[in-house]
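This report concerns only the one structure given below.
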Amino acid sequence: MVQTKLNFIVVDDSKLDCFIAEKIIRNTGISDTIKSFLQAPEALEYIKALPEHQRTIMLVDIQMPLMNGFEFVEAFEKLPKEITDNYTIYIISSSINENDLVRVHTYATVKQFLNKPLTSNNLAVLLA
Amino acid sequence: MDTPKKIKVLYIDDEQNNLNGFKATFRFDYTVLIASNIPQAYAHLEAHSDISVILCDQRMPDKTGVQFFEEMRDTYDEPVRMLITGYTDIESVIDAVNRGHIFRYIKKPWTDSDIRSAIEEANKFFLTNSMLVQKNRELQSAYDELGKFAYSVTHDVRGPLLSILGALDLAKTMENPAELKDILEMMEDAIHKLDEYIKNTHEYYKLKRGQLQFEVIDFNNLVKDIAALFRIAGRMDNIKFISNVVQNDEFLSDEISIKMVLNNLLSNAFNYQRKELADKYVDVGIEVANNVATITVKDNGIGIHESHINNIFTMFYRATSEETGSGLGLYNVKDALAKLSGTIEVASVVNEGTTFKVIIPGKAHGTN
């Protein structure tokens, strides 16, 4: 199967989690670019400023200071559809709070909830 | 106990003579408010939130006493309601008692001692009730905090653990020693973060549950001790530490609380520095005068943005993703200062620095 390479955006306030995600994504060999953001507003600004949008997978943490993952998704969904259509969001969190899990499914742009930590196995599953 | 406050009583009767007589008889024992009609009664209730007992005549032109009690209790449910009535109204009184509108009734004609004992009883009931309300409020706030804790535990405890787990998994496949070293360092940070959370939680409970213990505070020694700990931990590396303590008088306070306050403010000052800056500094000034300690902790670090400054003392609020923070530190500081009747102010400019100013009144000598 020949696949066009994917872009990745990681939004997580933990440096270590960003690092892990980047490594694991790079190891799959299917990534074109990987951008990590420790603060959600910066990721949003980055997306807004892109001249053109390619197929991108976003891994977004829930609990972050300043702007949490849900707020980020809400702000993201306000962007024009021709932009948002290029992105698939996965919420990845250490949360075991049921409200969080339920809330994940209320967003059209969010594909799935993933438990931390990200491993090469569960990344392979969702890319398959 | 403090000097007992006089019981505040509101008496409503459409006959001015009754009102005058009542006030003349009881004004030395109680704080007596009188009203000759319902609107006047409401005006008193509005103006005096500390009325504990209301006496009301049943037979009044615009409304009966029972009707008045029935409608006022929605808005003013704390005062204890007592009806003054003749025997002919007994049916409506029984009904009112059964429906919980009144605490008891006083039969006309009343004697001074009837009224006095009724007011004393009613006041006891009022005090017990107010205490319950207060306790319930405290319980509710404790529950709310517990809820926040439970939620934060997943993030603040589980988060770093899962990070380490993920890093371990990754490290197994790594061959390059330099890469391995990087990831080990990051794992170390995650463990420190977890440890800090646990220490802050411990502080939180120590503060919440602990009694204040007043002793003589030597600020010079206190600052030296705390600074030594930061120095050993390497937290002061490349940061100039300035301290200036002026204390000529003895100062009584709770050492654990004061240590905690200083520790947290200094820890933040050392943490939230601008990494690229050459002349980083943390400046602590303490002055004790007229039994008031004024503590300022100043840094030229990253600063706090205007839009976050009002929230920094909120539990689990974090204004930055820089560095490790539990969102408990400043909450604990504010909590400790509240117990000491102290205050805290903050002034901050992004990319210039932050100054915290704490004022703590010392415990007066000879009191306990």
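Miscellaneous remarks
- Segment A:76-106, residues that are in a helix (DSSP H, G or I) and either surrounded by fewer than 16 Cβ atoms within 10 Å (Cβ to Cβ) or more than 14 Å from chain B (Cβ to nearest Cβ) (or both): A:PHE76, A:GLU77, A:LYS81, A:GLU82, A:ILE83, A:THR84, A:GLU98, A:ASN99, A:LEU101, A:VAL102, A:VAL104
- Residues in segment B:262-280 that are aromatic (Phe, Trp, Tyr) and more than 20 Å from B:LEU222 (Cβ to Cβ): B:TYR272 alone.
- From the options B:ASN176, B:ASN220, residue that is more than 25 Å from A:SER94 (Cβ to Cβ), free of Cβ contacts under 8 Å to residues at least 40 places away in the same chain, among the polar types (S, T, N, Q) and in the same structural domain as B:ALA336 (by TED's automatic domain parsing): B:ASN220
- The number of residues in segment B:83-140 that are in a helix (DSSP H, G or I), within 23 Å of B:THR31 (Cβ to Cβ) and of a type in the set (D, E, K, R) comes to 6.
- Number of positions in segment B:226-240 that are touching a Leu at 6+ places or on another chain (Cβ under 9 Å) and outside any loop (DSSP other than H, G, I, E, B): 3
- The sole residue among B:ILE295, B:ILE258, B:ILE302 that is assigned to a loop (DSSP other than H, G, I, E, B), crowded, with 22+ Cβ neighbours inside 10 Å and assigned by TED's automatic domain parsing to the domain that holds B:ALA364 is B:ILE302.
- Set side by side, the residues B:GLU138, B:GLU70, B:GLU121, B:GLU78 differ, and just one is away from every other protein chain (no Cβ under 14 Å) and surrounded by fewer than 13 Cβ atoms within 10 Å (Cβ to Cβ), which is B:GLU138.
- Selection count where residues are more than 9 Å from chain B (Cβ to nearest Cβ) and free of Cβ contacts under 8 Å to residues at least 60 places away in the same chain, scope segment A:10-37: 12
- Selection within segment A:63-74 - within 13 Å of chain B (Cβ to nearest Cβ), over 16 Å from A:LYS15 (Cβ atoms) and surrounded by fewer than 24 Cβ atoms within 10 Å (Cβ to Cβ): A:MET67, A:ASN68
The values are calculated or read from the model by the stated rules, or taken from the named source; none is laboratory data. Values in this document were obtained by computation on a predicted structure and should not be read as measured data. When we count neighbours, we look across all protein chains shown, and the Cβ atoms used for this are built from the backbone with ideal geometry, even at glycine.
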